[in-house]
Amino acid sequence: MGGPKPLRGARVVIVNWRDRGHRLAGGAEEYAVRVGEAMAHAGARVTFLTARDEGQSPGETATLTYVRRGGRWTVYLWALFWLLRNRGQVDVVVDCQNGIPFFSPLVLRRRTKVVLLMHHVHDAQFAVHFPPWLAAVGRWLEGPVARLAYRHAVTVSVSPSTVHAMRARLNWTGPVYVVPNGMDQPSGERVARDPEPTLVCLGRLVAHKRVDRLIETVHTLRERWPTLRLHVVGGGPEESALRDMAGEGVEVHGYVDDETKSALLARSWVNVTLSDGEGWGLAVVEAAAHGVPTLCRDVDGLRDSVRHGDTGWLVDGDVTAMIDHVLTDLRDPARAEAVAKACQDWASRFDWTVTGERFTALVADLRAGLEMGEWLPRMPEAIIAEFNLSGVTDRPALVGSRSGTDGIGQWVLVEQCSVGRLKAAVENAGQPADAVRAATDAERLLGGSLRTPRGT
């Protein structure tokens with residue numbers, strides 16, 4: 001590919017417990033592969049170190065070089081052994097934390113850059129999957145041990161609410177930068193929804209997604225909505241049990257191809273997830289791209305991907321009553337069309353190319369030795385400096401900073417930076433700012449100033 005190669009010659013290793021080809025792969029794996037491919041296109045040699053699933057080869061080379069060793073638990077030891085053996089040939093490690101990280105800093109050279117990738121905080125979910133003693137070990141590894149091991153690393157999260165959860169529940173004090181998920185926009189025109197009320201639940205079928213509770217809810221709702229249907233789309237360890245309890249009006253499709261998935265989404269009235277928590281909610285934005293709003297619990301990640309009352313609904317209380325209310329609301333074709341347009345507008349803001357560019361720029365900044373940010377209690381997680389249109393301001397030499405124009409003026413957004421430090425940086429780069437303010441979570445997520453009407 002043409003154009004500048006900001007990571008030319010960099011030797012990058014992504015360590016994740018699964019890759020995209022694993023039978024239990026989900027949004028976290030899609031994210032890891034996408035940013036890996038972006039770094040490869042930016043000139044890096046990227047190795048994807050992961051577990052080996054049944055039927056997968058031990059290694060292959062395409063855009064990325066895949067090295068597969070071990071299973072669900074043993075991959076952690078295999079990865080540390082591989083990194084130790086190859087430590088002299090690694091410049092940057094992207095260490096993906098799925099409950100617990102790989103603790104790669106323990107075996108790397110001090111000058112190797114480490115980026116810890118955090119999708120969401122798992123503390124409450126350990127108890128769903130493991131006995132109490134093992135859940136306690138998981139919380140200890142995710143919190144105190146990880147804080148110590150990654151004290152010199154930089155952390156990337158996929159949503160502002162995950163950052164807030166890290167601060168509040170893990171007591172995380174290191175710098176955390178937000179690089180959101182992207183998505184592939186659906187091709188073709190929007191398909192008309194089913195004439196009868198139809199729900200869809202899109203995602204991996206695992207315990208913490210609470211799909212069983214959704215099926216029970218649908219059984220209850222069919223007393224009032226006798227033609228109500230639910231399509232459960234996705235694979236996972238809970239699939240067989242969910243098929244057994246499905247009953248009338250519920251169809252568990254399992255894993256389907258993209259064409260079938262798009263058709264099921266487009267025909268649905270509402271996407272529903274009762275998940276305990278997400279890093280972001282890739283399925284939420286995928287549904288929104290088809291004009292389908294999401295009803296979900298008000299939990300980490302989902303409260304970022306759903307704009308309450310606009311592209312969906314966040315629920316704290318009675319889910320059954322809320323679904324009933326939403327179906328009644330969406331019976332009105334004009335209201336349904338307004339919600340669909342808001343959903344598609346929101347989804348259009350997320351693109352895998354932009355995600356890859358933001359992640360690559362952050363890694364390039366680290367490799368170039370730009371000044372790392374820091375976080376202090378009560379300090380805004382991100383700040384924006386705004387300028388008038390006549391100003392010409394270069395991007396300051398701070399890790400992860402972004403700049404642009406919004407039609408009103410120019411702006412610079414920096415995460416993990418004090419107001420005084422940003423003012424000094426922009427003065428050195430061009431001119432004094434007209435205003436410096438805390439960025440909203442939406443601005444941090446989308447990566448820039450939202451002073452235009454579209455950002456309201």
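The values are calculated or read from the model by the stated rules, or taken from the named source; none is laboratory data. Since the model is a prediction, treat every value here as computed from it, not as a measurement. Positions of Cβ are backbone-derived with ideal geometry, glycine not excepted, and every protein chain shown enters the neighbour counts.
With the structure loaded, tell me whether Ala136 is more than 26 Å from Leu108 (Cβ to Cβ), aliphatic (A, V, I, L, M), free of Cβ contacts under 8 Å to residues at least 24 places away in the same chain and not assigned by TED's automatic domain parsing to the domain that holds Ala266 or whether it fails that test.
Values: more than 26 Å from Leu108 (Cβ to Cβ): yes; aliphatic (A, V, I, L, M): yes; free of Cβ contacts under 8 Å to residues at least 24 places away in the same chain: yes; not assigned by TED's automatic domain parsing to the domain that holds Ala266: yes.
Here the answer is yes, as Ala136 does meet what is asked.
Could you count how many residues in the stretch 58-75 are closer than 20 Å to Glu142 by Cβ and surrounded by fewer than 17 Cβ atoms within 10 Å (Cβ to Cβ)? Working first, answer last.
In the first step, residues of the stretch 58-75 are kept if they are closer than 20 Å to Glu142 by Cβ; the result is 72-75.
Of the ones still in play, those that are also surrounded by fewer than 17 Cβ atoms within 10 Å (Cβ to Cβ) are 72-74.
Residues that pass the stated criteria total 3.
Which of the residues that make up the stretch 259-269 are out of contact with any helix residue (DSSP H, G or I) (no Cβ under 6 Å at 6 or more places or on another chain) and either in a loop (DSSP other than H, G, I, E, B) or not acidic (Asp, Glu) (or both)?
Filtering the stretch 259-269 for residues out of contact with any helix residue (DSSP H, G or I) (no Cβ under 6 Å at 6 or more places or on another chain) gives 259-264, 266-268.
Correct list: Thr260, Lys261, Ser262, Ala263, Leu264, Ala266, Arg267, Ser268.
Of the residues in the stretch 353-375, how many are more than 17 Å from Leu398 (Cβ to Cβ) and surrounded by fewer than 19 Cβ atoms within 10 Å (Cβ to Cβ)?
2
Counting only residues that are outside any loop (DSSP other than H, G, I, E, B), of a type outside the set (Ser, Thr, Tyr) and in contact with a helix residue (DSSP H, G or I) (Cβ under 7 Å, 6 or more places away or on another chain), which one in the stretch 200-217 is nearest to Val299 (Cα to Cα)? Show your work before the answer.
Taking the stretch 200-217 first, the residues outside any loop (DSSP other than H, G, I, E, B) are 200-202, 207-209, 211-217.
The next check asks that each one be of a type outside the set (Ser, Thr, Tyr); those that pass are 200-202, 207-209, 211-216.
Those still in the list that are in contact with a helix residue (DSSP H, G or I) (Cβ under 7 Å, 6 or more places away or on another chain) too: 200-202, 207-208, 211-212, 215.
Details: Val200: 19, Cys201: 17, Leu202: 17, Ala207: 16, His208: 12, Val211: 16, Asp212: 18, Ile215: 20 Å.
Looking at residues that are outside any loop (DSSP other than H, G, I, E, B), of a type outside the set (Ser, Thr, Tyr) and in contact with a helix residue (DSSP H, G or I) (Cβ under 7 Å, 6 or more places away or on another chain), I get His208.
Out of Ala429, Ala433, report the one residue that is small (Gly, Ala, Ser), farther than 16 Å from Pro180 by Cβ, touching a strand residue (DSSP E or B) at 6+ places or on another chain (Cβ under 7 Å) and at pLDDT below 85. Outline the logic, then answer.
Details: Ala429 fails: touching a strand residue (DSSP E or B) at 6+ places or on another chain (Cβ under 7 Å).
Of Ala429, Ala433, the one residue that is small (Gly, Ala, Ser), farther than 16 Å from Pro180 by Cβ, touching a strand residue (DSSP E or B) at 6+ places or on another chain (Cβ under 7 Å) and at pLDDT below 85 is Ala433.
Give me a count of the residues in the stretch 19-43 that are in a loop (DSSP other than H, G, I, E, B) and either touching a residue at least 40 places away in the same chain (Cβ under 8 Å) or assigned by TED's automatic domain parsing to the domain that holds Gly235 (or both). Walk me through how you get there before you give the answer.
Looking only at the stretch 19-43, we keep the residues that are in a loop (DSSP other than H, G, I, E, B), and these are 19-26, 42-43.
Then keep just the ones that are either touching a residue at least 40 places away in the same chain (Cβ under 8 Å) or assigned by TED's automatic domain parsing to the domain that holds Gly235 (or both); that gives 19, 23-24, 26, 42.
Number of matching residues: 5.
Restricting the search to the stretch 340-356, which residues are charged (D, E, K, R) and either more than 14 Å from Val292 (Cβ to Cβ) or in contact with a Pro (Cβ under 9 Å, 6 or more places away or on another chain) (or both)? Don't jump to the end; show me each part of the working.
Narrowing the stretch 340-356 to residues charged (D, E, K, R): 341, 345, 349, 351.
Those that are charged (D, E, K, R) and either more than 14 Å from Val292 (Cβ to Cβ) or in contact with a Pro (Cβ under 9 Å, 6 or more places away or on another chain) (or both): Arg349, Asp351.
Does at least one position in the stretch 341-352 carry a residue that is in contact (Cβ under 8 Å) with a residue 12 or more places away in the chain, surrounded by 15 or more Cβ atoms within 10 Å (Cβ to Cβ), in a loop (DSSP other than H, G, I, E, B) and hydroxyl-bearing (Ser, Thr, Tyr)?
Within the stretch 341-352, not a single residue is in contact (Cβ under 8 Å) with a residue 12 or more places away in the chain, surrounded by 15 or more Cβ atoms within 10 Å (Cβ to Cβ), in a loop (DSSP other than H, G, I, E, B) and hydroxyl-bearing (Ser, Thr, Tyr).
Filter the stretch 100-121 down to the residues that are in a loop (DSSP other than H, G, I, E, B) and out of contact with any helix residue (DSSP H, G or I) (no Cβ under 6 Å at 6 or more places or on another chain), then identify the one that is modelled with the highest pLDDT. Please lay out each step first, then the result.
Restricting attention to the stretch 100-121, the residues satisfying the condition of being in a loop (DSSP other than H, G, I, E, B) are 101-103, 107-112, 119-121.
This time we only want the ones that are out of contact with any helix residue (DSSP H, G or I) (no Cβ under 6 Å at 6 or more places or on another chain), so: 110-112.
Working: Arg110: 92, Arg111: 93, Thr112: 96.
Checked the stretch 100-121; the qualifying residue modelled with the highest pLDDT is Thr112.
Are there any pairs, at least 6 apart or on different chains, whose C-beta atoms fall under 6 Å, with the first in the stretch 81-103 and surrounded by fewer than 18 Cβ atoms within 10 Å (Cβ to Cβ) and the second in a loop (DSSP other than H, G, I, E, B), and if so, which?
Leu84/Val107; Arg87/Leu108; Arg87/Arg109
Out of the residues in the stretch 437-453 meeting the condition of being in a loop (DSSP other than H, G, I, E, B) and closer than 15 Å to Ser401 by Cα, tell me which one is modelled with the highest pLDDT. Please lay out each step first, then the result.
Taking the stretch 437-453 and keeping what is in a loop (DSSP other than H, G, I, E, B), we get 439-440, 447-452.
Narrowing the set further to residues that are closer than 15 Å to Ser401 by Cα leaves 439, 447-449.
Working: Ala439: 94, Gly447: 91, Gly448: 88, Ser449: 85.
Here the residue is Ala439.
Would you point out the residue of the stretch 170-219, among those that are over 24 Å from the mean Cα position of the chain (by Cα) and among the aliphatic types (A, V, I, L, M), that is surrounded by the fewest Cβ atoms within 10 Å (Cβ to Cβ)?
Of everything passing the filter in the stretch 170-219, Ala192 is surrounded by the fewest Cβ atoms within 10 Å (Cβ to Cβ).
Exactly one of these conditions fails for Val13: (1) buried (at least 18 other Cβ atoms within 10 Å of the Cβ); (2) in contact (Cβ under 8 Å) with a residue 40 or more places away in the chain; (3) within 24 Å of Gly203 (Cα to Cα); (4) aliphatic (A, V, I, L, M). Give me its number.
Of the numbered conditions (1) buried (at least 18 other Cβ atoms within 10 Å of the Cβ); (2) in contact (Cβ under 8 Å) with a residue 40 or more places away in the chain; (3) within 24 Å of Gly203 (Cα to Cα); (4) aliphatic (A, V, I, L, M), the odd one out for Val13 is (3).
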